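The values are calculated or read from the model by the stated rules, or taken from the named source; none is laboratory data. What you are looking at is a predicted structure, and each value in this text was computed from that prediction instead of being measured. Cβ: placed from backbone, ideal geometry, glycine included. Neighbour counts: every protein chain shown.
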Ligand SMILES: NC(=O)c1ccc[n+]([C@@H]2O[C@H](COP(=O)([O-])OP(=O)(O)OC[C@H]3O[C@@H](n4cnc5c(N)ncnc54)[C@H](O)[C@@H]3O)[C@@H](O)[C@H]2O)c1
């Protein structure tokens, strides 16, 4: 079976590599020539554990190819996946320009029945716009070629993307015909041979499922952040509360961690886009809007704690930040809380030392030399007045506090991810501040 995947980012590249691993012949297409050139040379443009070996193996086996043009491969494929970006527009809605441009290119080039599957996260109703764009191009060409669209939102997590794709909790597919259902079944059967968890549904429900899932996860985070902030005021420990509620089977223990807010390429934009879809349809999404406001507030919490701990004035203070990526095991800094913290610290006149195991280049690319890039977590704390943990990379979990205490100027630790043991740190002579503890 031959397929093409348009958009070779986190989702497109991982999906392409994983599909090719099952024996399917995959061409990953991207308009970014530099990206495709690097991939052809065996360079992986993003950091994702296990991806380099997976891509290499399948390229060598002749099953995974890279191209800058969909038109050059479309005749040979049965299915085209669209995995291009859907960034937020100024009003919070999802910008569909890339999705619709792929649809138009599809319409300009198909010669036989082909299925276009949208993997990007797109608002409910997008499939209709995709279909209209294709129909328009076909009419322009004066041809009548049979085609179909389907929706197959992706649920992989950066940092665990390959595992998530290879053994998904479930696969959601929106289709309009038995024919499309059959094709999608064939594609996903190899990943789910023993327990076929593909849920077929109508396309609007599939589109909506993705937003509902991300909004639910974001809601749990904002909810716990609200609880944590109250715990801070009343002397309760949110870690205890989390255990207390997470053991209730109706609640479950996942995604109940408070911290310095969610970031990344999905939750922030998807929450905003869902609220926008609500407004467009005359249906105010009150919970979702509050989730967003709470998160924006939470991204400043580390800054506020630093400011208070250092007497209200950060001018000239040296602050070490451990972690820049929006979460561990990725170099992605889209909407990362670290960026908000850095902006606020700079505005307040602080000097910032940073260290992240993977995202240093990405940070440099985004903000240049506004901060001091350090070679490791220990260099970052030399002469620092305070340290803030922003991303909970494993290598930050067991620092040598005694060494850190010796080289720091002052003794403030702000644990933005609630991972440290208060007593252990206080015993070393630090002032320890966490979120809701
Ligand atoms: N990153 C994630 O963890 C994740 C998880 C689930 C779903 N999603 C969704 O998947 C979609 C893609 O996300 P991503 O993080 O992989 O994006 P990305 O920005 O990493 O990659 C998108 C790629 O599409 C390419 N592109 C844009 N227009 C194109 C065109 N017309 N033809 C060919 N290539 C084109 C870009 O050059 C880029 O390489 C988004 O809708 C996102 O919300 C992302």
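General observations
- Being at pLDDT 95 or above, under 22 Å from residue 326 (Cβ atoms), touching a strand residue (DSSP E or B) at 6+ places or on another chain (Cβ under 6 Å) and not assigned by TED's automatic domain parsing to the domain that holds residue 327 is a condition met by at least one residue of region 149-157.
- Verdict on residue 368 being modelled with pLDDT of 95 or more, exposed (fewer than 15 other Cβ atoms within 10 Å of the Cβ), farther than 27 Å from residue 48 by Cβ and out of contact with any strand residue (DSSP E or B) (no Cβ under 6 Å at 6 or more places or on another chain): no
- Count of region 145-166 residues, restricted to those that are away from the ligand (no atom under 15 Å from the Cβ), assigned to a loop (DSSP other than H, G, I, E, B) and in contact with a helix residue (DSSP H, G or I) (Cβ under 7 Å, 6 or more places away or on another chain), is 1.
- One residue alone among 123, 88 is within 16 Å of the ligand (Cβ to nearest atom) and either in the same structural domain as residue 274 (by TED's automatic domain parsing) or modelled with pLDDT of 95 or more (or both), and that residue is 123.
- Here residue 83 meets the list (1) more than 10 Å from the ligand (Cβ to nearest atom); (2) closer than 21 Å to residue 186 by Cα almost entirely, failing just condition (1).
Listed here are the residues, each with its yes/no results for (1) surrounded by 20 or more Cβ atoms within 10 Å (Cβ to Cβ); (2) at pLDDT 95 or above; (3) closer than 24 Å to residue 10 by Cβ.
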residue: 333; (1), (2), (3): yes, yes, yes
residue: 342; (1), (2), (3): yes, yes, yes
residue: 349; (1), (2), (3): no, yes, no
residue: 355; (1), (2), (3): yes, yes, yes
residue: 361; (1), (2), (3): no, yes, yes
residue: 372; (1), (2), (3): no, yes, no
residue: 379; (1), (2), (3): no, yes, no
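- Looking across region 1-53, the residues that are in contact (Cβ under 8 Å) with a residue 60 or more places away in the chain and away from the ligand (no atom under 16 Å from the Cβ) come down to 1, 2, 21, 22, 23, 24.
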